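The values are calculated or read from the model by the stated rules, or taken from the named source; none is laboratory data. Quick caveat, the model's predicted, so the values are computed rather than measured. In this analysis, Cβ positions are derived from the backbone assuming ideal geometry, glycine residues included, and neighbour counts consider all displayed protein chains.
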Amino acid sequence: MEENIQKIKNAIRDIPDFPKKGILFRDITTALKDKQTLKLTVDEMYEAFKEDKIDYIAGIESRGFIYGMPLAYKLNCGFIPIRKPHKLPAEVISQEYELEYGKDTIEVHKDALKKGDRVLIVDDLLATGGTAAAAVQLISKIAEPVGIAFVIELKELEGRKKLPSNLKILSLVKY
């Protein structure tokens, strides 16, 4: 596993001063375009959750879709998109959350899940934890979140502290 994690980390490109000066952006597009790295990433997530009886993957828009879909296929479960407002056509439930300067909202179809469904939430990045915590709250309104998986965790931003301690949390690459 450690060798695989290092390969994934090596495939992630660093872009200084993006989206603004002073920020070091961790770019997953280079890891996505390499078929071996993409496979390693999904395989590592699969290994971490294969025994957890997952009914659905809930992917957070938009990069959670990228990793969530192949993981759902591999875990033989369904996929539920967690979207920004006004993107889903049927009745939704929503969860508002705080941003550094303001608020945002995420939504899921009201009929996407039912009580007792076991859900793994997937996203590419854990930074401050706001979106991930909101996703856990949103899924908890209907079903049972059992874990959350990230490709990257930016440890210095302490986003993990916003996540419930009863969840299984996977971050493949930590900076």
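The table that follows gives values for the structure above.
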| quantity | calculated |
| --- | --- |
| Of all residues in the range 159-169 being without any contact (Cβ under 8 Å) to a residue 60 or more places away in the chain and surrounded by 13 or more Cβ atoms within 10 Å (Cβ to Cβ), the one that is nearest to Gln6 (Cα to Cα) | Ile169 |
| Any hit, the range 7-19, residues being within 30 Å of Leu113 (Cα to Cα) and either touching a residue at least 24 places away in the same chain (Cβ under 8 Å) or not in a strand (DSSP E or B) (or both) | no |
| Meets criteria (more than 26 Å from Tyr175 (Cβ to Cβ), in contact with a Pro (Cβ under 9 Å, 6 or more places away or on another chain) and either of a type outside the set (Lys, Arg) or without any contact (Cβ under 8 Å) to a residue 40 or more places away in the chain (or both)) for Val136 | no |
| Count of the range 14-33 residues which are surrounded by fewer than 16 Cβ atoms within 10 Å (Cβ to Cβ) and within 16 Å of Ile66 (Cβ to Cβ) | 4 |
| Pick from the range 120-175, criterion among the acidic types (Asp, Glu) and not in a strand (DSSP E or B), ranking: nearest to the chain's Cα centre (by Cα) | Glu158 |
| Matching residues in the range 76-112 - criterion: being in a strand (DSSP E or B) and basic (Lys, Arg) | Arg83, Lys103 |
| Residues of the range 20-65 satisfying the condition of being of a type in the set (D, E, K, R) and either without any contact (Cβ under 8 Å) to a residue 24 or more places away in the chain or under 18 Å from Pro81 (Cα atoms) (or both) | Lys20, Lys21, Asp27, Lys33, Asp34, Lys35, Lys39, Glu51, Asp55, Glu61, Arg63 |
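Here is a yes/no grid of residues against (1) at pLDDT 95 or above; (2) β-branched (Val, Ile, Thr); (3) in contact with a helix residue (DSSP H, G or I) (Cβ under 9 Å, 6 or more places away or on another chain):
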site	(1), (2), (3)
Met45	yes, no, yes
Tyr56	yes, no, yes
Lys84	yes, no, no
Ile93	yes, yes, yes
